[in-house]
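Presented below is the structure to which this report refers.
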Amino acid sequence: MAVAETQLYAKVSNKRRSKSTSALLESLLAKGFPAHIAQKALAATGQQTIEDAAKWLHSHCNDPSLDDPIPQEYALYLCPTGRLHNHLQEFWKESKRQCGKNRAHEVFPHITLCDFFTCEDQKVELLYDTLKRVGESFSQSFPPSISLSLHSSTSYLGFFIGDSHANILKEFALAFSSEASALADCHVKPCLKQLHLTLAHKFYPHHQKTLEQLAKYINPGETCQWVAALYSRDMRFVHYQTLRALFQYKPQNIDELMINAGDFVYVDPTQQSDVSEGWVIGISHRTGCRGFLPENYTERANESDTWVKHRQVLVSWVEYVFVTASRLFTQTENEPNVKHNGEVHNPSTSRSVTNVLSQLSQNAALRRGVLVMRHGERIDQVFGKSWLQQCLTADGKYYRADLNFPSTLPKRKDSVKHFECDPPLSSCGVFQSKLIGEALLDQEVTVSYVYSSPALRCVQTAQHVLQGLKLDQKVKIRLEPGLFEWTKWEASRVIPNFMTVTELAEASYKIDTSYRGNFPLSSLVPSESYEEYVSRSSAVIKQIITACPSKGNCVILIVGHGSSLASFTRPLIGLPARDSSDFAQAVRKIPSLGMCFCEEITENKWQMVNPPVKTLTHGANAAFNWRNSIVED
């Protein structure tokens, strides 16, 4: 058992247990479920219905942790509802689109009254009773309005609750925590610091003004109901990443995980270093089972997506008003308040975030686009590092050992063994690349310049993308050694012996033989430091942008490696390099033909937007031996 799980067991093993007489529990007991498992099912589903609990129990029938005495963690949040909530959700969506995801996007809009605490499954009903009693006792104490003032810094944007109103909410939280701690035998800690509703947190400083502009148009005249609600989460996975399955995956091996579209999977980043490329090992939220699954079947989910909402109490019908402590909300004489249907509205702030964004960007004509793409499926990704031994005869001649091997290998003057460190695309990789090119053609993407890493797999990808675009006779490929991946990751610890420009041209690749790279091949350093790689990447992308003047709505296609997507786009949009460990984790998740797209909004100012084509997802297809599978017993 892991040390962390042992500590969790130790926290709960000595607590006394009490029986619950709830009708839900009695119904489950009558069906023959053991009490501790029935209570766990009710706690995990928010004690909503028998059907929910029974479905949970059925899904978790193979869960190895079903008997574990680890309780849920609970938090008490004050949440807005109605039109204010809708405005905040719109801000969430637009801030993510404009500035990327920040820490606030992990959770829904809320004010924290009591942070997470543990409570044994059989005592959760006592929390519900406590919340109801405390809510009733404070029903006449809540103010008719809550004052909110906008506060902004280089890493935080949100509303602070006015002191007089915050004090009442703190008293409410303190009353709940005191009674819950006594009755449910758990340690509940109320939030006694500055109460706040976070809009954005841990964002890049250069996004501060954009976020403030978006926050300015949250309508301060709306009314809303505030509810105090209990939420729970599985305390074992607090520090895990949460993934959402995009497609169903049926296991092909005993150690693989069955997932359905929409399932959530918990992934521990510290356990992924020994997992094969393109795979992760995780635990299903729906079933509790653990296994391997293809990473490109998933996407990152929010932290709160797996939380369970329990009981809630209506705090008050509260008008949402601003204390105009910030110049962003100062009303001018030319912006009077007017009444519609008896409610006060300010015309200057009633515009939606979407309309504001439209006004901000209506004059930003697209100048250039940069499409950074990882190469297609490489042959050694399928057949391993010894792939060349599998397709060479005794006298060194190449033959096609599997249909996913390329039909031929390009001719090179030196030894064929140099393909081991500079492998070609598989047949599927060729198909993938053409398919992407055809999709770009369908979207009428105009590619004017193509740059490629000198690696053969990248050159081939660029060639077949151009074929799909029907541009292979019009646009030539510029070989740029500076686009090669971080050399520290080269298994041979030396720079591969790439095919020369002449050899590639003789093999019918459409190479621009007149182009001279910004970063000579001889300048690539084996096992370069991360700082050297970041510096090289930043310099190369700037040189490429400078060398490609605008031709209307033109696109610069860069075909590189998994590392290219972050190392070439982040400096372009003004983001600093990731930490090297975070960078390595991010690169592992980038599939074949993964891509990022940046567009120029003003001269030499770029933003990242959705790529012009959909992602390409497909499953594994193992080798098949008819004799072993069909004939032999």
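The values are calculated or read from the model by the stated rules, or taken from the named source; none is laboratory data. Please read all numbers here as calculations on a predicted model, not as lab measurements. Every residue, glycine among them, receives a Cβ derived from its backbone with ideal geometry; neighbour counts consider all protein chains shown. For accessibility, only protein heavy atoms count, side chains too; no ligands or nucleic acids. Shrake-Rupley method; radii C 1.70, N 1.55, O 1.52, S 1.80 Å.
A few points about this structure:
- Accessible surface of Glu277, taken over heavy atoms with a 1.4 Å probe and every protein chain present, rounds to 120 Å².
- Rolling a 1.4 Å probe over the protein chains gives Val494 an accessible area of about 80 Å².
- Between helix 50-59 and the chain: long-axis angle, C-alpha atoms, 0 to 90°, nearest 10: 30
- Residue-wise HN-Hα coupling along the stretch 615-630, computed from phi with Karplus coefficients 6.51, -1.76, 1.60 (Hz; x: Gly, Pro): 6, 10, 10, 8, x, 6, 9, 6, 5, 10, 10, 5, 5, 5, 7, 10
- A dipole drawn for the chain from +1 and -1 charges on Cβ atoms has a positive end, and of Leu113, Gln272, His58 the residue lying farthest that way is Gln272.
- In this structure the amide hydrogen of Ile511, modeled in the peptide plane, comes within under 5 Å of the amide hydrogens of Ile477, none closer than 5 places in sequence on its chain.
- The accessible area of Ile281, taken with all protein chains in place and a 1.4 Å probe, comes to roughly 20 Å².
- Cα-based helix-to-principal-axis angle, 35-44 vs the chain, degrees rounded to 10: 70
- The residues neighbouring Ser527, those whose beta-carbon lies less than 10 Å from its own, together hold a net charge of -1 under the Lys/Arg +1, Asp/Glu -1 convention.
- Largest first, the residues Glu506, Glu528 sort by 1.4 Å accessible area into Glu506, Glu528.
- Across all directions, the average flat footprint of the convex hull enclosing the Cα atoms of the stretch 72-238 is 10.0 nm².
- Helix 456-469 and the long axis of the chain differ in direction by around 80°, with both axes built from C-alpha atoms.
- Label separation (Glu438 vs Val238): 5.1 nm, computed from points 7 Å beyond Cα along the C-beta direction.
- Which of Phe498, Gln312, Asn518, positive extreme of dipole for the chain (C-beta unit charges): Asn518
- For the chain, a crude dipole built from +1 on the beta carbon of Lys and Arg and -1 on the beta carbon of Asp and Glu, taken about the Cα centre, is about 1060 debye to the nearest 20.
- Point-charge dipole on Cβ atoms (K/R +1, D/E -1) for the stretch 372-467, about Cα centre, debye to 20: 340
- Efficiency of FRET between Ala394 and Arg300 - r from beta-carbon atoms, R0 51 angstrom, step 0.05: 0.55
- Of all aspartates and glutamates in the structure, the ones whose alpha carbon falls short of 14 Å from that of Lys216, not counting any fewer than 8 places away in one chain, are Glu90, Glu94.
- Phi-derived couplings, Karplus 6.51 cos²θ - 1.76 cosθ + 1.60 at θ = phi - 60°, listed residue by residue for the stretch 262-277: x, 5, 9, 10, 8, 10, 8, x, 6, 9, 9, 5, 9, 7, 4, 4 Hz, with x used for Gly and Pro.
- Ranking of Ser629, Ser22 by solvent-accessible surface, largest first: Ser629, Ser22 (1.4 Å probe, protein heavy atoms only, all chains present).
- Normalised by the number of residues in the stretch 418-499, the mean separation of alpha-carbon contacts (under 8 Å, six or more apart) gives a relative contact order of 39 percent.
- Part-to-part distance (alpha-carbon centres) for the stretch 284-304 and the stretch 184-206, which is given in Å: 27
- Global form of the stretch 192-250, assessed from the alpha-carbon gyration tensor, a/c cut-off 1.5: prolate
- In order along the stretch 86-94, the Karplus-derived 3J(HN,Hα) couplings, from 6.51 cos²θ - 1.76 cosθ + 1.60 at θ = phi - 60°, round to 5, 4, 5, 5, 5, 4, 3, 5, 6 Hz, and Gly and Pro are given as x.
- Sequence-separation-based contact order of the chain, relative, with Cα cut under 8 Å and 6+ spacing, percent: 13
- Set of lysines near Lys474 by C-alpha distance (under 18 Å), chain-local residues within fewer than 8 positions excluded: Lys434, Lys510, Lys551
- Close amide H contacts of Cys119 (hydrogens built in the peptide plane, cut-off under 5 Å, sequence separation of 5 or more or a different chain): Gln72, Tyr74.
- For Arg311, residues with placed amide H under 5 Å, excluding near neighbours: Leu230
- In the chain, a dipole from Cβ-located charges (positive for Lys and Arg, negative for Asp and Glu) runs towards its positive end, and of Ile477, Pro69, Phe624 it is Ile477 whose Cα lies farthest in that direction.
- Between the stretch 434-504 and the stretch 32-84, the Cα center-to-center distance that results, in Å: 51
- Evaluated at q = 0.13, 0.23, 0.28 Å⁻¹: base-10 log I(q)/I(0), Debye formula over Cα of the stretch 150-216: -0.51, -0.89, -1.09
- The stretch 72-238 - charge dipole about Cα centre, Lys and Arg +1 at Cβ, Asp and Glu -1, debye rounded to 20: 760
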